[in-house]
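Chemist: This structure is in structure tokens; I'll ask about it shortly.
Please treat every number below as a calculation from the coordinates, not as lab data. Please read all numbers here as calculations on a predicted model, not as lab measurements. Glycine gets a Cβ as well: all are built from the backbone with ideal geometry, and neighbour counts include every protein chain shown.
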Amino acid sequence: MSAFRKTLVLGIGNTLLRDEGAGVHAIHMLAQRMAGRDDIELMDGGTLSFMLAGAIEDAGQLIVIDAAQLDGEPGTTRVFEGAEMDAFVGGNRKRSVHEVSLIDLLMIARLADHLPEKRALIGIQPHDIDWGEAPSPSVAAAIQQACDHAMQLIEAWHA
């Protein structure tokens, strides 16, 4: 592995369940905004898989974008960085709408001593988790805001 390690932006969710797919929709939006940047890796993580552990371990920095229960109005976004991310993901497994095993992926990276020091979760409060491929209007607007948060983190971390 080279000394240069990219920032991995991982969007997770199920795009067949409207707002549940917010993270994946954000990755598609970021792909347009970050075209040509070789310091960023964008990944559609779907509904999570242990196959993602290697990508997380190889990342220099990690940003996860996901629908999450934030106890806020639909479309609310919140950034959890570093230990705050770990506490949010690990403290209440029911807080993420689909969280198959994000905490498990982070623990695998931690056990291998490859958990990115700079890491963040950008959560988006869902409105509608029902069949449909398009997010609700409030979450669609929040996806743009989540992308802005991701860009701000990347710029701050790369400064």
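Chemist: For the chain, set up a GNM with springs between Cα atoms under 10 Å and report which of Gly82, Gly21, Gly11 has the largest fluctuation.
Modeler: Greatest mean-square fluctuation among the candidates belongs to Gly82.
Chemist: Sticking with this one: What FRET efficiency comes out for Gln144 versus His114 if R0 is 35 angstrom and r is the Cβ-Cβ distance? Round to the nearest 0.05.
Modeler: Calculated transfer efficiency: 0.65.
Chemist: Nearest 0.05, what FRET efficiency do Ala83 and Met151 give at R0 = 22 Å with Cβ-Cβ as r?
Modeler: Rounded to the nearest 0.05, the efficiency is 0.45.
Chemist: Net charge around Asp86, counting only other residues with Cβ within less than 11 Å of its Cβ (Lys, Arg = +1; Asp, Glu = -1)?
Modeler: So the surrounding residues net to 0.
Chemist: Sticking with this structure for a sec: Please check: in the Gaussian network model of the chain (C-alpha springs, under 10 Å), which one of Asp71, Asp58, Asp39 has the largest mean-square fluctuation.
Modeler: For the chain, modelled as a Gaussian network with Cα springs under 10 Å, the answer is Asp71.
Chemist: If you build a Gaussian network model of the chain, linking Cα atoms that sit under 10 Å apart, which residue out of Phe80, Phe50, Phe88 swings the most?
Modeler: Of Phe80, Phe50, Phe88, the most mobile in the Gaussian network model is Phe50.
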